[in-house]
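The values are calculated or read from the model by the stated rules, or taken from the named source; none is laboratory data. Computed from a predicted structure; not experimentally measured. Here Cβ is always computed from backbone atoms with ideal geometry, including for glycine, and neighbour counts include all displayed protein chains.
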Amino acid sequence: MSSTSASFPRAGGLLLAYLHRGTEPSTETAFAGSLLTSLAREVERAGFDLLVLDDEPRVEGAAPRVRIDPFTAASFVATRTRHLGLAVTADAAYYEPFNLARLTASLDHITHGRAALNLVHDPARAAAVNFGVRDRAAPADPERHAREFLHVVRALWDSWEDDAFLRDKASGRFVDGDKVHAVAHRGEHFQVQGPLNVARPPQGQLPLVHVERSAASRPWAAAEADVVVVAAGDEVGVREAAEALRSLAVREGRAANPPRVLAPIVPWVADTPDDAERLRVRASARPDAVTVVGTPEEIAAALQSWAEQGGIDGFAVLPAPEPGQWPRFAEQVVPALVRRGAIEPAAAGAAATLRGRLGQARPANRHASLPQPVNG
């Protein structure tokens, strides 16, 4: 299974996440509930905080990857995990803002505040032929299209104030209508009236995750994302990407709250130093991640040293494309990080919501500070 995990500093240690990008050959079907359950529980047991379910709604090539729908998968594993955050991937070209806002708000309620959104805006729009939206799926400015899309989604999440539900049996009033707001959006790409027909998510606004495919999406990520996995093939490239992202965030007025920057790495975990030398021969360089080879203690020491040097907030770890590498990382490298005090034991002192685990405050509702109408 080609996957990614990420870790970055927080109070008391490193935050760990795991991005699931597909499946590897298995005796079980890729769509088996038992396989999803096993994966999610293994990730949570290892001490990871976030599972990102990737998606690409197309099939291509002689040996295409198969992917189960991320919303279905997230809803399924939500009932089989307790602390694990769940991020779903959606392309702005193939959803309507109202539909996506409803799906994600519902997931946040089902998970009791453990949901996140990985919003994709792929300029190639290669899956447009599957949706009959070729013209809409190829806007002149994909970044502007995605910004408007996200603006509408976030407005819909806020269309119900937190205390809109009265549930007052004595008066018979269930909802305070003055605290339910229409969006009334009329923009370049979307017209959405609102309000949403789902209460405000437990986290207020779901965290936005962004996994770079290229530097082209960096200005958008700097303005909108909470967590960004940069694309770079060596340590120097990662630091340059991180600096560029933070500079862009400052220009966007986010100096006090820039996105978390994660360095992508591919760890090849060896049993002994001699095994590590043999793995170095097989390990190939990648343009989008840094290859790290060594024993569990060597890799843990390298990750801790890199994090302590600053410049990044943590790591996005893509397990090497070899059977057994992910279990070795989960079962040997993660405990080594715990022994070093770099991360806490699994679920130790975990916050109730994903935002809490990210160290982010719950945003106030945009309508809460507005003057309220006087009820007659």
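Number of residues in the range 185-222 that are of a type in the set (A, V, I, L, M, F, W, C), under 24 Å from Arg102 (Cβ atoms) and in contact with a helix residue (DSSP H, G or I) (Cβ under 9 Å, 6 or more places away or on another chain) equals 8. Determine whether Phe174 is more than 24 Å from the chain's Cα centre (by Cα) and either assigned to a helix (DSSP H, G or I) or at pLDDT below 95 (or both). Spelling it out, Phe174 is indeed more than 24 Å from the chain's Cα centre (by Cα) and either assigned to a helix (DSSP H, G or I) or at pLDDT below 95 (or both). Listed conditions (1) at pLDDT below 90; (2) of a type in the set (Ser, Thr, Tyr); (3) closer than 28 Å to Arg186 by Cα are all met by Ser34, apart from (3).
Before we move on, is Gly310 exposed (fewer than 15 other Cβ atoms within 10 Å of the Cβ) and without any contact (Cβ under 8 Å) to a residue 24 or more places away in the chain? Steps first, answer last, please.
Numbers: exposed (fewer than 15 other Cβ atoms within 10 Å of the Cβ): yes; without any contact (Cβ under 8 Å) to a residue 24 or more places away in the chain: yes.
It is true that Gly310 is exposed (fewer than 15 other Cβ atoms within 10 Å of the Cβ) and without any contact (Cβ under 8 Å) to a residue 24 or more places away in the chain.
Screening the range 224-259 for residues that are of a type in the set (Gly, Ala, Ser) and assigned to a helix (DSSP H, G or I) and picking the one that is surrounded by the fewest Cβ atoms within 10 Å (Cβ to Cβ) gives Ser247.
Considering only residues of the range 326-343 that are part of a loop (DSSP other than H, G, I, E, B) and not charged (D, E, K, R), which is farthest from the chain's Cα centre (by Cα)? Here the residue is Gly341. Whether any residue in the range 228-236 is free of Cβ contacts under 8 Å to residues at least 24 places away in the same chain and on the phi < 0 side of the Ramachandran plot is what I want to check. Looking through the range 228-236, at least one residue is free of Cβ contacts under 8 Å to residues at least 24 places away in the same chain and on the phi < 0 side of the Ramachandran plot. Only one of the numbered conditions (1) surrounded by fewer than 19 Cβ atoms within 10 Å (Cβ to Cβ); (2) modelled with pLDDT of 85 or more; (3) not aromatic (Phe, Trp, Tyr) is violated by Leu337, and that is (1). Summed over the range 211-258, residues that are within 15 Å of the chain's Cα centre (by Cα), modelled with pLDDT of 90 or more and of a type outside the set (A, V, I, L, M) total 3. Going residue by residue through the range 266-276, is there one that turns out to be within 22 Å of the chain's Cα centre (by Cα) and either under 25 Å from Val334 (Cα atoms) or of a type in the set (A, V, I, L, M, F, W, C) (or both)? Yes, the range 266-276 contains a residue that is within 22 Å of the chain's Cα centre (by Cα) and either under 25 Å from Val334 (Cα atoms) or of a type in the set (A, V, I, L, M, F, W, C) (or both). Within the range 260-304, can you find the residues that are surrounded by 15 or more Cβ atoms within 10 Å (Cβ to Cβ), in a loop (DSSP other than H, G, I, E, B) and of a type in the set (A, V, I, L, M)? Within the range 260-304, Ala270, Ala283, Ala289 qualify.
Residues checked against (1) part of a strand (DSSP E or B); (2) within 13 Å of His20 (Cβ to Cβ); (3) free of Cβ contacts under 8 Å to residues at least 12 places away in the same chain:
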| residue | (1), (2), (3) |
| --- | --- |
| Phe48 | no, yes, no |
| Glu56 | no, yes, no |
| Arg67 | no, yes, no |
| Ala90 | yes, no, no |
| Tyr94 | no, no, no |
| His112 | no, no, no |
| Asn118 | yes, yes, no |
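Within the range 178-189, how many residues are within 26 Å of the chain's Cα centre (by Cα) and at pLDDT 95 or above?
Filtering the range 178-189 down to residues within 26 Å of the chain's Cα centre (by Cα) leaves 183, 189.
Keeping just the survivors that are at pLDDT 95 or above gives 183.
Result for the range 178-189: 1.
Considering the range 37-53, and only residues there that are out of contact with any helix residue (DSSP H, G or I) (no Cβ under 7 Å at 6 or more places or on another chain) and either of a type outside the set (Lys, Arg) or buried (at least 18 other Cβ atoms within 10 Å of the Cβ) (or both), the residue that is modelled with the highest pLDDT turns out to be Glu44. Tell me, yes or no, whether the range 151-161 has at least one residue that is β-branched (Val, Ile, Thr), surrounded by 17 or more Cβ atoms within 10 Å (Cβ to Cβ), in contact (Cβ under 8 Å) with a residue 40 or more places away in the chain and closer than 24 Å to His121 by Cβ. Yes: one or more hits. Against the conditions (1) surrounded by fewer than 18 Cβ atoms within 10 Å (Cβ to Cβ); (2) at pLDDT 95 or above, Arg114 satisfies every one except (1).
Of the candidates Val236, Val230, Val261, the single residue that is under 24 Å from Asp141 (Cβ atoms) and not hydroxyl-bearing (Ser, Thr, Tyr) is Val230.
Which is modelled with pLDDT under 90 and in a loop (DSSP other than H, G, I, E, B), of Ala307, Ala364, Ala346? Working first, answer last.
On the way: Ala307 fails: in a loop (DSSP other than H, G, I, E, B); Ala364 fails: modelled with pLDDT under 90.
When all the criteria are applied, what remains is Ala346.
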